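Report on one structure; see the data block that follows.
The values are calculated or read from the model by the stated rules, or taken from the named source; none is laboratory data. Every value quoted in this text rests on a predicted model; they were computed, and no experiment measured them. We place every Cβ from the backbone using ideal geometry, glycine too, and count neighbours over all the protein chains shown. Side chains included, ligands, DNA and RNA excluded: accessible areas come from the protein's heavy atoms. Shrake-Rupley method; radii C 1.70, N 1.55, O 1.52, S 1.80 Å.
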Amino acid sequence: MKLVNYCIKGKEESRIGCVLDNYVLDVQHAYRQLLSSHEKKGIIANLEKYLPSDASHFFAIGSSAIERAYEAVQYNLEKEEGENRIPLDDVRLKTPIEKPSKIICVGKNYANHVEEMKGEMPEYPVIFAKYNNALIGPEDVIEKPAFTSELDYEVELAVVIGKKASKVLKDDALNYVAGYAIANDTTARDLQKRTPQWLQGKTLDRSTPIGPWIVTTEELKDPSNLSIRSFVNGEERQSANTNQLIFDVPFLIQFISRLITLYPGDIIMTGTPDGVGFAREPAQFLHDGDVVKVEIEAIGQMENKIRE
């Protein structure tokens, strides 16, 4: 499934949906329809408990909510039409999870990127935090503050956790994943590098698009061999494959869950490959009006404009 956080254009209410071809299926409405067909009135009366309409609450429940959503989608696909289907052109896609409890980012996780940044190969994953204030959706503009002149792009695979994970073994780690999305870890290099800690350059307001949806694990089972690319104004800047990760997704889940208990809806951003603007000669940073497109095989692509 391709799960989205959507709203009807012109309205503010956000709801969990599933993209199917050229329309969005409202997942909660579809689940209510499924329950009605089985006369499960008790669950219908407590629908928000089992399958919330709010995307953040939905992903906070985790795997059980995703399983119910899958049942609802499959049931709806058997019907030729339905009032729960909304044309994609009529909706706006928002940040898939607007308020995750944690956003954990990984730096220096592609060898070629470490080399282009003139860094040392890490012995352990380099992790840092990002906060909800930074998150925007796949159709939003990236806001560039006037106080940075070195705004950079970083395409990354984002991993969404599906159930509570503590001291997880690597061989079992993918069973704790709800799905995958694309992230652009937009970075103010001048702010990032003025202190040893990276945080101030990494979590600026409305700077980090995630989307365009979360592809669940029944559709994307293995994240270890995916093409990953970025473009600025149509020019390819980054091109790599997730098989080049120094620390792969299972290892990251094992490593992080030994330090920090992960909960459903938490996001891990796995690092960016080489080709960032800072490392080009001369350096090529983002400016007002630039368009950044990021894409990952088996997930899709998203495009965001820079606004000063």
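For segment 90-133, the relative contact order works out to 49 percent when only alpha carbon pairs closer than 8 Å and six or more residues apart are counted. Under the combined filter of DSSP loop state and at most 14 neighbouring Cβ atoms within 10 Å, segment 198-285 retains these GluC sites (Glu not before Pro): Glu218, Glu219. Each Cα pair under 8 Å and six or more residues apart adds its sequence gap; the mean of these over the residue count of segment 1-134 is a relative contact order of 27 percent. Surface exposure of segment 105-244, expressed per residue as accessible area with a 1.4 Å probe, stands at 42 Å².
For segment 127-152, list residues with backbone N below 12 Å from a point placed 7 Å from the Cα of Asp288 toward its Cβ? Backbone N within reach: 144-147. In summary, the lysines within cross-link reach of Lys193, defined as a Cα separation below 23 angstrom excluding same-chain residues under 8 places away, comprise Lys108, Lys118, Lys130, Lys144, Lys202. Compared with the direct C-alpha span, the chain from Lys167 to Ala111 gains 17.5 nm at full extension, assuming 0.36 nm per residue. When you count the other C-beta atoms within 10 angstrom of each residue and take the mean per peptide, 273-285, 201-213 line up highest first as 201-213, 273-285. With the simple model of a label 7 Å out from the Cα in the direction of the Cβ, Asn243 to Lys49 spans 4.8 nm. Please compare each pair in Lys167/Lys293; Lys170/Lys305; Lys2/Lys49; Lys221/Lys293 to a cut-off of 26 Å on the Cα-Cα distance and tell me which ones are over it. Going by Cα-Cα distance, Lys167/Lys293; Lys170/Lys305 fall outside the 26 Å limit. Over the chain, with a Gaussian network built from C-alpha contacts below 10 Å, which listed residue (Ala146, Ala183, Ala72) shows the highest mean-square fluctuation? In the Gaussian network model the winner is Ala146. When you filter the GluC sites (Glu not before Pro) in segment 106-187 for DSSP loop state and at most 11 other Cβ atoms inside 10 Å of their Cβ, you are left with Glu120, Glu123. The slack in the chain from Ser64 to Glu303, taken as 0.36 nm per residue of separation less the alpha-carbon distance, amounts to 82.9 nm. Distance between the pseudo-spin-label points of Ala146 and Asp90 (7 Å out from Cα toward the beta carbon): 4.2 nm. In segment 1-105, the ratio of gyration radius to Kirkwood radius, Rg to Rh, stands at 0.96 when only Cα atoms are counted. Per atom type, the chain shows carbon and sulfur on 47% of its accessible surface, probed at 1.4 Å. Take every pair of alpha-carbon atoms less than 8 Å apart whose residues are at least six positions apart; their mean separation over the length of the chain yields a relative contact order of 23 percent. Report the calculated FRET efficiency for Ser36 and Lys99 (r = Cβ-Cβ distance, R0 = 35 Å), to the nearest 0.05. My answer for the efficiency is 0.70.
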